[in-house]
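Asks: Have a look at this one before I ask anything.
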Amino acid sequence: MGDLDGLNGLVVGVANRRSLAWSIARAADAAGARLTLSYANDRFGEKTRALAATLSRPAQLLACDVTRDDEIEALCRAVDAEHGGLDFLVHGVAFASREAISEPFVETTRDDFRQALDVSAYSLIALARGAAPLMERRGGGSILTLTYLGSGRVFPNYNVMGVAKAALEASVRYLASDLGPRNIRANAISAGPIKTLAASGIAGFTHILQHYRERAPLRRTAESTEVADAAVFLLGPRSGAVTGEVLMVDAGYHVTGM
Ligand code: NAD
C-alpha cells in the first residue's frame, strides 16, 4: 500500500526530467496516485509524453498556461472529467525575465514585476480556486507549492523572484485559512538549490550551490528525490493536521547565521 493509493493528483509545471514537478510526479506515482501532468505549452508536450510513459499507470497530459484563467478552467474541467474529483494539486511553476533576475533589483520594471508575480504567485491562487470544488467533492484535499529561502533573505540575482516567493508563501497561509474549513490543506516546500531549467536562468547559481556545500549543516544541498519524498508526505494523509506550513528541505541551510 502506497501513501497516495487511490488518490487523484494534478501536477503543474513539468518541463523536463529535471523539473521538481516531475520528481514529485514520479514519487506520487510510486506511492499509488493517478496523475494529470500539466505543462506550459505544446513545446513541452513531447518531452512530457515521453516522461509520462515511464510512470507505472497512464497519466492524463494537458497543456495549461497559468497566466490564462480560461486555460486553468479548462484544465480543471478536463481533470474532473477524467478522474471525477481531485485529491491533491502540486504547483511547480515560476518565471521571471532574464533582465529581472540579472539587472540590479532597483531597476525592476513594472512589467517584469507583474509577470513574475502573476506566473509565480497568483497562479497558485487561481489553480487553488479551480481545484477546490473538485477536492471538496472528494471530502478534502492537499495543495502544495515550491518556494525558496530568497523569499525572506537576499540572494544574488534572485531579485524579483524573491518578492514573488514572499507573496507565494503568504498566499499559502491565506489559502490554508480560507480553504481549511473545507478540509483542504495548503503547504509549501522550501527547497535547497537544485539544477533545473528555472535555476539555470539565475546567474551565479553554481556559486550558490557551492555555498551550500560549504555552509549547510549537511554540507550539501537537497536532492530532487528528497523534495519529492517530502512532497508525498505533505500530499497524503500522514500530514493530515499540517496546513499553512513552509517545510524547509534544504539540508539545514536556513538555520545558519554565518
Ligand atoms: P523548471 O524550469 O523545471 O520548472 C518551472 C516550470 O514552470 C516549467 O515547467 C515551466 O514551463 C513552468 N512555467 C513557466 N511559466 C509558465 C506558465 N505561464 N504557465 C505554465 N507553466 C509555466 O524548474 P524547477 O526548479 O523545477 O521549478 C519548479 C518550482 O520549484 C519553481 O516554483 C521554483 O521556483 C521552485 N524552486 C526551485 C528550486 C531550484 O533550485 N531548482 C529551489 C526552490 C524552489
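Asks: Translational D (Stokes-Einstein, µm²/s) of the range 1-68 at 37 °C and 0.692 mPa s when Rh comes from the Kirkwood sum over C-alpha pairs? Kindly include the intermediate steps, with their values, before the conclusion.
Replies: Working: Rh = 11.8 Å.
Translational diffusion coefficient: 278 µm²/s.
Asks: Now a separate question. Using Cα springs under 10 Å in a Gaussian network model of the chain, which residue among Pro237, Pro104, Pro156 shows the largest mean-square fluctuation?
Replies: Maximum fluctuation in the GNM of the chain, among the listed residues, is at Pro104.
Asks: Modelled label-to-label distance, Ala50 and Arg238, 7 Å Cα→beta-carbon offset: nm?
Replies: The answer from the label model is 3.3 nm.
Asks: Explain nothing, just the number: relative contact order of the chain, from Cα pairs under 8 Å at least 6 residues apart, as a whole percent.
Replies: Relative contact order for the chain comes out at 20 percent.
Asks: Let me ask another. Taking the inverse of the average 1/r across all pairs of different Cα atoms in the range 50-178, what Kirkwood radius in Å do you get? Spell out each step's value before the answer.
Replies: Numbers: mean 1/r = 0.0626 Å⁻¹.
By the Kirkwood definition, the hydrodynamic radius is 16.0 Å.
Asks: Residue by residue through the range 88-102, which ³J(HN,Hα) values in whole Hz follow from phi under the Karplus form 6.51 cos²θ - 1.76 cosθ + 1.60 (θ = phi - 60°), with glycine and proline marked x?
Replies: 8, 10, 10, 9, x, 10, 7, 7, 9, 5, 4, 4, 5, 10, 10
Asks: Mind jotting down a quarter of the surface of the convex hull over the alpha carbons of the chain, in square nanometres, one decimal? Display every interim value, and only then the final one.
Replies: Working: hull surface 52.5 nm².
Averaged projected area of the chain's Cα convex hull equals 13.1 nm².
Asks: Using the number of other C-beta atoms within 10 angstrom as an exposure proxy, rank Lys195, Lys47 with the fewest first.
Replies: Details: Lys195 13, Lys47 16.
Going from least to most buried by this count: Lys195, Lys47.
Asks: Add -39500 (n - 2.57) for each DSSP H run of 4 or more in the chain, then divide by its residues: what number comes out at 222 nm, to the nearest 500 deg cm²/dmol?
Replies: -12500 deg cm²/dmol
Asks: From the Cα trace of the range 171-250, what convex hull volume per residue do you get, rounded to a whole Å³? Before the final figure, lay out the partial values.
Replies: On the way: hull volume 8.5 nm³, N = 80.
Cα convex hull per residue, to the nearest whole number: 107 Å³.
Asks: Would you calculate the volume per residue, in Å³, of the smallest convex hull containing every Cα atom of the range 27-107?
Replies: Numbers: hull volume 11.0 nm³, N = 81.
So the per-residue Cα hull volume is 135 Å³.
Asks: Of Ala126, Ala191, Thr109, which is farthest towards the positive pole of the chain's charge dipole, taken about the Cα centre with +1 and -1 on the beta-carbons of Lys, Arg and Asp, Glu respectively?
Replies: Comparing the listed Cα positions along the dipole, Ala191 ranks first.
Quick note: the coordinates plus some simple rules give every number you see, no bench work behind them. Since we're looking at a predicted model, the values are computed, not measured. All Cβ positions, even for glycine, are placed from backbone atoms using ideal geometry, and neighbour counts span all protein chains on display.
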